[in-house]
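Heads up, the thing below is written out as structure tokens.
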Amino acid sequence: MSTAANVLAAPMLPRPQFAPKLPSQQPQRPSPTRRRPSRAQGRALEILSHAIEYLVDSRLYETWDSPADAEAVHTLMTCSRAVFADCEEVMSWQQRLQRTLMRRLHSAPGHTR
């Protein structure tokens, strides 16, 4: 019996029903933080990402022999996130204005927390 015959003989499964979420049901995600790395930070991020890519690609078709392999990738990823977090944050003028207004509102006399 051919493969096509096996597929045709398989029972039909019900199609999943997806209900669209209304805008009020969707959680608000914060806008992503943009960062501007210096030349040294950019180079560090590039080197770290190449190292991560090399380790993962070199073991793509092999089993991870020891937990040290996965730990090495996680350590490099942690270092990459730390370098990225140290980069200068870039904000739009709307974000800067909003932050300034919120600081002034919270530091206004008579404001209690």
Next on the checklist: Just checking: which of the helices (runs of 4 or more DSSP H) contained wholly in segment 1-104 hold 3 or more residues that are at pLDDT below 80?
Outcome noted: 3-9
Checklist entry - What are the residue pairs meeting all of these: first residue in segment 32-49, first residue touching a residue at least 12 places away in the same chain (Cβ under 8 Å), second residue of a type in the set (Phe, Trp, Tyr) and surrounded by 15 or more Cβ atoms within 10 Å (Cβ to Cβ), Cβ atoms under 9 Å, and 6 or more apart or on different chains? => result 35/84; 37/84; 41/84; 45/84
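The values are calculated or read from the model by the stated rules, or taken from the named source; none is laboratory data. These figures come from a predicted structure and were not determined experimentally. Counting neighbours? That spans all protein chains shown, and the Cβs are built from the backbone with ideal geometry, glycine included.
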